[in-house]
Amino acid sequence: MAPRVEDMDDPPRFSWTDVCARRLHRHALTTPSTSATPADIAAAMASTHAQVMSAAELGIAMRIDGATRLDVREALWTERSLVKTFGLRGTVHVMPARDLSLWVGALSALPASANVMPKDIRLTPDQTEQVVAAVAAALDDAELTIDELTEAVVDHAGAWAGDLVMEAFQGKWPRWRQAMHLTGIRGVLCFAPNRGRKVTYTNPRRWLPGFEPADADTALAWLVRSYLGAHGPSTPQRFAHWTGTQSTWARRLFDSLGDELQQVEVEGDPAWVVAGDLDVPVVRPRGVRLLPYFDGYAYRVGNQPPALLYPGRAAERVLPGNFQILLVDGVVAGLWHQRRSGKRIDITVEPLGELGAAQLDDLDGQVERVGEILQARPQLTIGPVTVGSHA
């Protein structure tokens, strides 16, 4: 790593290549780490998107030399050094257990988003608090499936909580579930090990004795530092996009941190880093990487403008959907898909341009690594990906 040296009268300057190189390095995508744990990787990424758990397992393991999906599962369900819960933008994430109090403190302090449910369906503020209390009590000493949790919430809060009023896939969900993500954000619910094929939930206090949310000011300052460490240099506007909040609120938060942050320039535009965090990797982004579902989405949401991360044909072929992405030299250059059959995994990669001999060798290595992580024999096909994007 080389420090950024500038004239003392001018803010330090970065190129977008610098920003990309920093993020690839910090996310262990330049070179997989030989010493990091799964919790270290989730911390370096400022949490890992886990709507599809197999994708989160792949995304974390590929950043650790020699790791497999079993190492991530061990960290989650045995060591409990990772926690799977509702995080940024109300979606499922994996985060280090050591940081859960800060995550809960920060997420609970973010401005509430508007309730988009129709008036006759949405929860009142009082009902929302009743649901949070009911979930906390139900999971205090239990691991429950969603049906069992629904019964407990209805018993605690009243029949209204179980009204089947929410449109959901091929049926309807009970009213209380519009606040389910909030119970995770408040720190009274997290995922527990599956019971057979059924997902279960518990209270994180069962696994983390003494767990309490951090105070809002401490937690929000930590969240900004974590974001900038993983994705910076960046701006309040992009932080707002990452957290699902308003830009005006994010600007006030950045301003409140004063000397903790440092203004820099990224190709002439103002941006911010944690004060003194100016290092740029000497090695430029090189090579081929296969990122799983949601990993590429988080890579984009975190900072880099789509036009730079998805150049040329990638803007129309990959950007509109949630595909597994092919990175070449740090930018999106294609997409890929895998289909498992027993102990075999067929991997189709669709490059959007011609790959050179060295890049094809890199791709072979990535395919072998995916097979190793997922514990299957990989077979590579280079050609069109015919399946649609993941929702």
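If you check Glu74 against the conditions, is it surrounded by 15 or more Cβ atoms within 10 Å (Cβ to Cβ), modelled with pLDDT of 95 or more and farther than 15 Å from Val188 by Cα?
yes
Identify, by number, the condition in (1) surrounded by fewer than 17 Cβ atoms within 10 Å (Cβ to Cβ); (2) in contact with a strand residue (DSSP E or B) (Cβ under 6 Å, 6 or more places away or on another chain); (3) not acidic (Asp, Glu) that Thr202 doesn't meet.
The number of the failed condition is (1).
Taking the range 107-131 as the region of interest, how many residues are among the aliphatic types (A, V, I, L, M) and either free of Cβ contacts under 8 Å to residues at least 24 places away in the same chain or under 18 Å from Thr243 (Cβ atoms) (or both)?
6
Output the residues belonging to the range 326-340 that are acidic (Asp, Glu) and free of Cβ contacts under 8 Å to residues at least 12 places away in the same chain.
none
From the list Ala315, Ala333, exactly one residue is small (Gly, Ala, Ser) and surrounded by fewer than 20 Cβ atoms within 10 Å (Cβ to Cβ). Which is it?
So the residue among Ala315, Ala333 that is small (Gly, Ala, Ser) and surrounded by fewer than 20 Cβ atoms within 10 Å (Cβ to Cβ) is Ala315.
Please verify whether Ala61 is buried (at least 21 other Cβ atoms within 10 Å of the Cβ), closer than 30 Å to Leu326 by Cα, modelled with pLDDT of 95 or more and not polar (S, T, N, Q), treating the condition exactly as stated.
yes
Which count do you get for residues in the range 353-364 that are in contact with a Leu (Cβ under 8 Å, 6 or more places away or on another chain) and surrounded by 15 or more Cβ atoms within 10 Å (Cβ to Cβ)?
Residues meeting the conditions: 2.
Each row is one residue, and each column tells you yes or no for (1) over 26 Å from Gln304 (Cβ atoms); (2) at pLDDT 95 or above; (3) in contact with a Ser or Thr (Cβ under 9 Å, 6 or more places away or on another chain).
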{"residue": "Met1", "(1), (2), (3)": "no, no, no"}
{"residue": "Glu6", "(1), (2), (3)": "no, no, no"}
{"residue": "Asp10", "(1), (2), (3)": "no, no, no"}
{"residue": "Trp16", "(1), (2), (3)": "no, no, no"}
{"residue": "Ser33", "(1), (2), (3)": "no, yes, no"}
{"residue": "Ile41", "(1), (2), (3)": "no, yes, yes"}
{"residue": "Gly66", "(1), (2), (3)": "yes, yes, yes"}
{"residue": "Arg69", "(1), (2), (3)": "yes, yes, yes"}
{"residue": "Thr78", "(1), (2), (3)": "yes, yes, no"}
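Examine the range 261-269 for a residue that is touching a Ser or Thr at 6+ places or on another chain (Cβ under 7 Å), modelled with pLDDT of 90 or more and farther than 28 Å from Ala114 by Cα, and state whether such a residue exists.
yes
Sort through Gly196, Gly187 and tell me the only one that's surrounded by 17 or more Cβ atoms within 10 Å (Cβ to Cβ) and on the phi > 0 side of the Ramachandran plot.
Gly187
Mind counting the residues in the range 108-121 that are within 28 Å of Lys172 (Cα to Cα) and either at pLDDT 95 or above or crowded, with 21+ Cβ neighbours inside 10 Å (or both)?
1
Looking only at the range 16-57, filter to residues that are among the polar types (S, T, N, Q) and farther than 21 Å from Arg369 by Cα; which one of those is surrounded by the most Cβ atoms within 10 Å (Cβ to Cβ)?
The qualifying residue surrounded by the most Cβ atoms within 10 Å (Cβ to Cβ) is Ser47.
The values are calculated or read from the model by the stated rules, or taken from the named source; none is laboratory data. Every value quoted in this text rests on a predicted model; they were computed, and no experiment measured them. Please note: Cβ atoms are built from the backbone with ideal geometry, for glycine as well, and neighbour counts cover all protein chains shown.
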